[in-house]
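A quick write-up on the structure given underneath.
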Amino acid sequence: MRNGEDFWRRIAGQAGILARQGRESPLLTLATDGETYGHHFTFGEMALAYVLAQGASGRDNIRLTNLPAYIAAHPPRREALIREPSSWSCAHGVERWRGDCGCADGGHSGWNQRWRGPLREALNLARGAVKRHFFTAGQECFTNPESALMAYGEVLAAPQKAGAFAAAHFTDNCAARDKAWKLLDMQEQSLASFASCAWFFDDIARIEPENAMTFALRSLDIMRETGGGDVLEAFAEELQNARPNQKEYESGKDVFTAEVLPRRDDPAALCLMAWLLLNAENRSPAPGAPSSYVWPGVSVELIADSDRADGRQQGAAVIRATHEPVGSRYFWRIAPPSQVRDPGKAFVAMNEAAMTVRPENAPESRAITRKVSELSRPMSEMLLSCCLESREKLMNPELQAMAAHAASLIRPWREERHDILRPEFWVGIMPYMAVEYIMRDTLCESRRARLEAILSMRLSGEAKALAATLARRHMLDALENPGPGRDDESLAAWVRRARRIMPDMDWWAAQNSLWELGRERYPALAEELGFA
Ligand SMILES: [Zn+2]
């Protein structure tokens, strides 16, 4: 993975051996996990891209193909049976994925994997219910539920194809459009619950099985939302048969209750997160000014009623999953403790916030309330990091201006006066000093040299990470919005300077953006970013 040319030569070597055997159109197949390229091996995707380019150019008399194309060109002449069920990973075949075969990863030699069977039983039960519901409820939504399901992968791979997909597979019943998308989402969630990592490691009380249960929970929630039955209790009962190795849990059901149920993204949790995140970004909904928060897969629009005397805020909410034309409407209210504590600073007592939500026309008895303190660990961690990031964006202009001011006061370097006075006061602006160094084209060279010396001494790990984030943000913005000082040569100079203080900065996002724009528009930058 470190060298595309070596990778290609190994393939070409194997292909050469096949060719010398003298068979007609010999086929060499390669199968690897997608995660190999980039995840397990950083920049492995570049080696793969190189290899594909060699294949596409027909180098070494090798032609690039895939199995369907090869079979179309060389129809099968014999029939074979696949031994079923069979699987990869260990010598015990499919037992790796359902039995206590003895093979596991995670580092606890004394642990057993007898929980694998019950986990699979529970997920099979959920999938069975979801599947039956899809084909029953799907009658009014799809011209043919099965072909819609089979073709849905096209939309997952290319969301812009959603319109054409809907035209081809949905019935004329417009009222069932949202439901159609929900049913497909339900199937997607159910499929995701079978990712193999849930059984690969050595305990059910780990993030991988918890993720599998979370996907299953989501599929069951959508099933109930779209008029299906409720099998959650039966699902949890199956998990009761799983014994975790970690002693703080009696059973898989305990793991589900303690770790998975709080992750539920019900309407109240979504509205609570949206309200807090909008608040953190200074985009709180106001009467007459609705505000939306968008995640991958779902958006929440909050519409606020006029302000109430008791300081409580309430209004309507529309929660819409991707592609849904209408979405579901709710009534929400948020309790007073979440109000601004100090109007001058606009912080919110977040941990006390409680959001109550009910379907718009449902009685109060159906309302559910979620508090920040009850959100799952991943949700509250995400909330915290989003709030900190928003806070940085709000304060960014002021801090950047401070850094520009400081940079303008820097005197040229002298050996015996190499360090800075009172470095503790520089801590907060160090990342912004790095941005000045990288992006301020008008900085004179002697100042820039001194700044470089300061940064090389004083830019700590986290400050460097923030500087890289800011530099990336500027670069992406410059590529998206060209203007003065953002020409090809200037941007190439940004990269060169960034490399001097942060040699390991990750340019992946800028490389991708440049690839989309067309590297011929920025030849100098393209060369700097490795598009030689
Ligand atoms: Zn095994």
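The values are calculated or read from the model by the stated rules, or taken from the named source; none is laboratory data. Since this is a predicted model, take the numbers as computed values, not measurements. Because the Cβ atoms are built from the backbone with ideal geometry, glycine has one as well, and the counts that use them run over all protein chains shown. Side chains included, ligands, DNA and RNA excluded: accessible areas come from the protein's heavy atoms. Shrake-Rupley method; radii C 1.70, N 1.55, O 1.52, S 1.80 Å.
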Exercise. Check whether at least one residue in the stretch 60-73 is open to solvent by 100 Å² or more (accessible area, probe 1.4 Å) and either more than 16 Å from the ligand (Cβ to nearest atom) or modelled with pLDDT under 90 (or both), and report yes or no.
Key: yes
Self-check item: Residue list for the stretch 13-41, filter: closer than 22 Å to residue 73 by Cα, of a type in the set (Gly, Ala, Ser) and within 37 Å of the chain's Cα centre (by Cα)
Solution: 31
Quiz item: Wholly within the stretch 356-472, which helices (runs of 4 or more DSSP H) include no fewer than the required count, namely at least 1 residues that are open to solvent by 30 Å² or more (accessible area, probe 1.4 Å)?
Solution: 377-409, 445-458
Practice problem: Evaluate the following for residue 404: is it under 20 Å from residue 499 (Cα atoms) and at pLDDT 90 or above? | Solution: no
Quiz prompt | Among the candidates 25, 57, residue that is farther than 13 Å from residue 4 by Cα, exposed (fewer than 14 other Cβ atoms within 10 Å of the Cβ) and modelled with pLDDT of 95 or more | solution = 57
Quiz item: Considering only helices (runs of 4 or more DSSP H) fully contained in the stretch 186-256, which possess at least 2 residues that are closer than 13 Å to residue 121 by Cβ and open to solvent by 50 Å² or more (accessible area, probe 1.4 Å)?
Solution: 232-239
Self-check item: Search result, residues across the stretch 305-325 that are closer than 26 Å to residue 160 by Cα and over 31 Å from the mean Cα position of the chain (by Cα)
Solution: none
Quiz item: Right, residue 34: loosely packed, with under 15 Cβ neighbours inside 10 Å, at pLDDT 95 or above and either in contact with a Lys or Arg (Cβ under 7 Å, 6 or more places away or on another chain) or under 22 Å from residue 67 (Cα atoms) (or both) or not?
Solution: no
Quiz prompt | Sole residue being in contact (Cβ under 8 Å) with a residue 40 or more places away in the chain and hydroxyl-bearing (Ser, Thr, Tyr), chosen from 70, 37 | solution = 70
